[in-house]
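Report on the structure given below.
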Amino acid sequence: MHLFFADDSRQNSPSRAGMGPLLATGGIRIDANKAKSLERRLDETCTKFGFPPKEEFKWSPGRELWMRDNLVGEDREAFFRCIIEEAAVHEVTAFVVVTDTSCQTATGADNHEEDVTCLFLERVQNQAKRLADDGIIIVDRPSGDRNQETDFLRTCLETLQSGTTYVQFDNIAFNVVSSPSSLLRLLQLADFVTSCSLSRISGEDRYSPPIFDELRRLFDSSMGRIGGVGVKIHPDYKYANLYHWLLGDRVFVKMNNGVRLPHKFRDYFENEWSP
């Protein structure tokens, strides 16, 4: 059995030229037999860096969190590097789906929230099928009241039951399970992966580049490329060259057809900043 921990993130005003508002869902996969060990090691790392008991870590901590004012600068970067190293030792796989909400949905969903959820669930299914194993998905409890949480979980269940155009969810054990992230370090790790990745993709160029470069070794990959597999940026026809600049991919693959990157007829051909 493999466990998938997931969280979402938004960036309404990307600093990268040519990007509309972004919505992301992402997280991590871990063998269930290694989850307890990683949960313990993450907690020990937090204690080492001075976190009070049960205090959360996040990529971008709010004012209510100890981390915001008490773990800054080089110490915060060192903490994140330790977190990534623990994840690597426990053979964690990371993956993130990002969609530009100013563009059409990828799956034909009624809204971008459902769209990015479908894309994320497809990647969970593909990974579980590749491993010939079942997966359980644990998500951070959605913000808002319990009715919103119920609606979100109902949408997930309906998607899992009906499948999508490309995927039937045969390897996902049952409906998505939710939990407050404050109770699970592994959900906090999912938040870190998702939010750091979205920050880098959206064009933040001060804090995220060195940490995102470290995260790259955790991303799921296939046939020598991460783009479209471990990191999906929709729509591909607009953002495929970012797979080259941000992830080091040399080829973009779509429907079993590959083109070399950077592609001169796609945005961001000359560099990652100029569409």
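Quick notes
- Among 189, 234, 116 - extreme Cα towards positive end, dipole of region 91-239, charges at beta-carbon: 189
- Electrostatic bookkeeping for residue 275 treats Lys and Arg as +1 and Asp and Glu as -1; over the other residues with beta carbon under 14 Å from its beta carbon, the sum is 0.
- Peptide packing for 246-254, 183-191 was compared via the average number of neighbouring C-beta atoms within 10 Å per residue; ordered from the highest value, the list is 183-191, 246-254.
- Each of (1) 60, 55, 45; (2) 45, 43, 26; (3) 51, 42, 34 is a candidate for Cα extents along the principal axes in Å; the one calculated from this structure is (3).
- Given +1 at the Cβ of Lys and Arg, -1 at the Cβ of Asp and Glu and no other charges, the dipole of region 226-266 around its Cα centre is 120 debye to the nearest 20.
- If R0 is 51 Å, the Cβ-Cβ spacing of residue 166 and residue 54 corresponds to a FRET efficiency of close to 0.80.
- Estimated distance in nm for a label pair at residue 217 and residue 133, the labels positioned 7 Å out from Cα along Cα-to-Cβ: 2.1
- The chain: relative contact order in percent, alpha carbon pairs under 8 Å with at least 6 residues between: 26
- When +1 charges are put on Lys and Arg Cβ atoms and -1 charges on Asp and Glu Cβ atoms, the dipole computed for the chain relative to its Cα centre reaches about 640 debye.
- Distance from region 19-45 to region 195-253 (C-alpha centre basis), Å: 17
- The residues of the chain expose, per residue, 48 Å² of accessible area to a 1.4 Å probe.
- The modelled label-to-label distance between residue 265 and residue 151, using points 7 Å beyond Cα along the C-beta direction, is 4.2 nm.
The values are calculated or read from the model by the stated rules, or taken from the named source; none is laboratory data. This one's a predicted model, so the numbers in the text were calculated from it and none came from an experiment. In this analysis, Cβ positions are derived from the backbone assuming ideal geometry, glycine residues included, and neighbour counts consider all displayed protein chains. Areas reflect the complete protein model, heavy atoms only, side chains present, ligands, DNA and RNA absent. Shrake-Rupley method; radii C 1.70, N 1.55, O 1.52, S 1.80 Å.
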